[in-house]
Ligand SMILES: NC(=O)c1ccc[n+]([C@@H]2O[C@H](COP(=O)([O-])OP(=O)(O)OC[C@H]3O[C@@H](n4cnc5c(N)ncnc54)[C@H](O)[C@@H]3O)[C@@H](O)[C@H]2O)c1
């Protein structure tokens, strides 16, 4: 807030005729214009943020693995170091938090950061249960006039996202009826890894477990390469949600960006037999999404691990697309992956006369660098493309789908209360228990 007020004052006095000196005191790189950031998770996905963060003041680093913490400190030697993110978030000069820890801590870190009035960039997914993402979204909405948030679905910056949105909004496939997204990553696991040896001295394993129920240490949870270690733990329910929080968070974004959806009113899901320890590989979910001011009610679906929507015509093979989206309209369909799209007009009426391509001037403007957009938002207008409201609604839908999968029946959902209305027992699947000392709203 102080920085925003300062920038506004500068703009005002500038307009009044004051000539500002061209020194680094006032430029984009001026010390006063840098953000004080805490980076949580200083290896793996955290590394992807190093270059962008190096332009700001990284004042705090946190990692449960002291070797990883030392790695981050070698890049940001001036930062305070922590193993416990709860202590890190109490550092007074931290204005903004970039979080790259394991999924089962995301909603906690988001809530604790918002409660301390810090801007947040949260790696996807925003949370692991419906209750978590709903609480985080609600808190963000209370503070959106002073805090900037972004969920780390950086593919959103691909201009293809804008082109897909334009084609749907401009009626290239007629009236939108259905949308489906899918992903084919398969990580089969039998169950939690059995205890094996003691955690190494450099790893604070109990802090890694954090809010989740305790599971004995096994080096297998930590054996992945940098940036892909999440695949070692994200299939286990107490740590992740399998593909829902993994590629699902990226791929549904391709669809969600084009449909201006609120929250679903129903959810139905099926797939591999339920395993209380491990998320399913193969699964599909179906939702009803209410009408909005430019379209009718639509069906939305997510497919994973071999489940796929039907091919819209014999000469398409959607299996050739690892992660994609299919939009079905009254006059054809649109198929997209993260970088390209194809329109398939269908039927005698599909002559495209009703569709006017945009001029270059009226195309949606590229959002630019995804992480950079959030940093600029923290310093100024607070506007980001994937804030906790936009992404929170999308994840609320996906996590309602997880509850429907666990319940094994079609759920009716009340978006106003966040409760299942036709099966009170299913509401148990909307939240999860936490260990003592790890409240969600801390
Ligand atoms: N946006 C993307 O494209 C993308 C890509 C990969 C991973 N991710 C997300 O980034 C996150 C991290 O994934 P990863 O593969 O780097 O995982 P990881 O297991 O390697 O963890 C990253 C770092 O965080 C540390 N860490 C874990 N839990 C912590 C905690 N509670 N407190 C402090 N430090 C903690 C780890 O020690 C490690 O150094 C995941 O949520 C994942 O979904 C996003």
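The values are calculated or read from the model by the stated rules, or taken from the named source; none is laboratory data. Since the structure is predicted, the reported quantities are computational estimates derived from the model, not experimental observations. Here the Cβ positions follow ideal geometry from the backbone for every residue, glycine too, while neighbour counts run over all protein chains shown.
Tabulated values for the structure
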| quantity | calculated |
| --- | --- |
| Which listed residue is in contact with a helix residue (DSSP H, G or I) (Cβ under 9 Å, 6 or more places away or on another chain) and free of Cβ contacts under 8 Å to residues at least 40 places away in the same chain, from 105, 101, 129, 138 | 138 |
| Options 232, 243, 177; residue that is more than 22 Å from the chain's Cα centre (by Cα) and either surrounded by 15 or more Cβ atoms within 10 Å (Cβ to Cβ) or touching a residue at least 60 places away in the same chain (Cβ under 8 Å) (or both) | 177 |
| Any hit, the stretch 128-145, residues being crowded, with 24+ Cβ neighbours inside 10 Å and in contact with a strand residue (DSSP E or B) (Cβ under 6 Å, 6 or more places away or on another chain) | no |
| Which numbered condition residue 102 fails, given (1) more than 28 Å from residue 249 (Cα to Cα); (2) modelled with pLDDT of 95 or more | (1) |
| Checklist (1) in contact with a helix residue (DSSP H, G or I) (Cβ under 7 Å, 6 or more places away or on another chain); (2) under 18 Å from residue 252 (Cα atoms) applied to residue 159, failing item | (1) |
| Search result, residues across the stretch 81-122 that are in contact with a strand residue (DSSP E or B) (Cβ under 6 Å, 6 or more places away or on another chain) and within 10 Å of the ligand (Cβ to nearest atom) | 82, 85, 88, 99, 101, 106, 109, 122 |
| Top-ranked residue in the stretch 57-78 [being within 11 Å of residue 39 (Cβ to Cβ) and in a loop (DSSP other than H, G, I, E, B); ranked as farthest from the ligand (Cβ to nearest atom)] | 76 |
| Matching residues, the stretch 188-213, being within 13 Å of the ligand (Cβ to nearest atom) and within 30 Å of residue 339 (Cβ to Cβ) | none |
| Odd one out for residue 226, checked against (1) more than 17 Å from residue 307 (Cα to Cα); (2) surrounded by 14 or more Cβ atoms within 10 Å (Cβ to Cβ); (3) touching a residue at least 24 places away in the same chain (Cβ under 8 Å); (4) within 22 Å of the chain's Cα centre (by Cα) | (2) |
